[in-house]
1. Given an 8 Å cut-off on Cα distances and at least 6 residues of separation, report the relative contact order of the stretch 88-136 as a percent.
2. Subtracting the Cα-Cα distance from 0.36 nm times the residue separation, let me have the gained length for residue 182 to residue 32 in nm, one decimal.
3. Obtain the nm distance between the two label points defined at residue 101 and residue 86 by a simple spin-label model: each point lies 7 Å from its Cα along the Cα-to-C-beta direction.
4. Mind giving me the nanometre distance, one decimal, between the label points for residue 152 and residue 168, set 7 Å out from Cα along Cα→Cβ?
5. If each residue's Cβ is checked for other Cβ atoms within 10 Å, how do 30, 181 rank with the fewest at the top?
6. Modelling each spin label as a point 7 Å along the Cα-to-Cβ direction, I'd like the residue 108/residue 42 distance in nm, to one decimal.
7. What is the Cα coordinate range of the stretch 88-136 on the first, second and third principal axes, sorted by size from largest, in whole angstrom?
8. Compute from the Cα atoms of the stretch 154-199 the Rg and the Dmax, the latter being the longest Cα-Cα distance, and quote both in angstrom.
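What follows is calculated from the coordinates using simple rules that are stated; it is not laboratory data. Note that the structure is predicted; figures quoted are calculated from it, not measured. Methodologically, a virtual Cβ is constructed for each residue, glycine included, from the backbone with ideal geometry; neighbour enumeration extends over all protein chains shown.
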């Protein structure tokens, strides 16, 4: 019995040295006094070394979610829908989004279509003929709502156009056609924009 008490006393002294307040983190403990400034958490000073430090509420959430903790399952991403050839629209005042032959939607600035070196007076606008958005360049002009339409006077036509009596009836056409008609020539223009192209 005396030998057993001696062993316990020796272990007590050894434990006293072990928990002297220095480097107690992670050491086994029974009460907070064993850990000096740290708390005795689940039998270890400061908790088990390498633990996540999650509180009890988080631990409960882990159990409910199968132990995944704060790691979320990645959200599956759907690939973008392929575009269709008729997909074409203005992306701002001077950029065009359109569908390529391999069904990819791309956006380009109208300057790139008209030529980087050329100043662009127009931009991206719907065509008055089919309502589809296009890039309109300075060399082509901007869409006209009235070019080629029947008219009863210049007031029925857009700016830069006049109402002329043609073989197909009175129609809006570029005002510069007057010189062609005066000289007995025909007049040419871009139908969508009423931009004069010359006498013929």
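1. Numbers: 86 pairs, mean separation 18.5, N = 49.
Once normalised by length, the contact order is 38 percent.
2. Net length gain for the segment: 43.0 nm.
3. 2.2 nm
4. Here the modelled spin labels are 2.2 nm apart.
5. Values: 30 11, 181 15.
With the fewest neighbours first, 30, 181 line up as 30, 181.
6. In this crude spin-label approximation the distance works out to 6.2 nm.
7. 30, 24, 16
8. Considering the stretch 154-199 through its Cα atoms, Rg and Dmax are 9.7, 25 Å.
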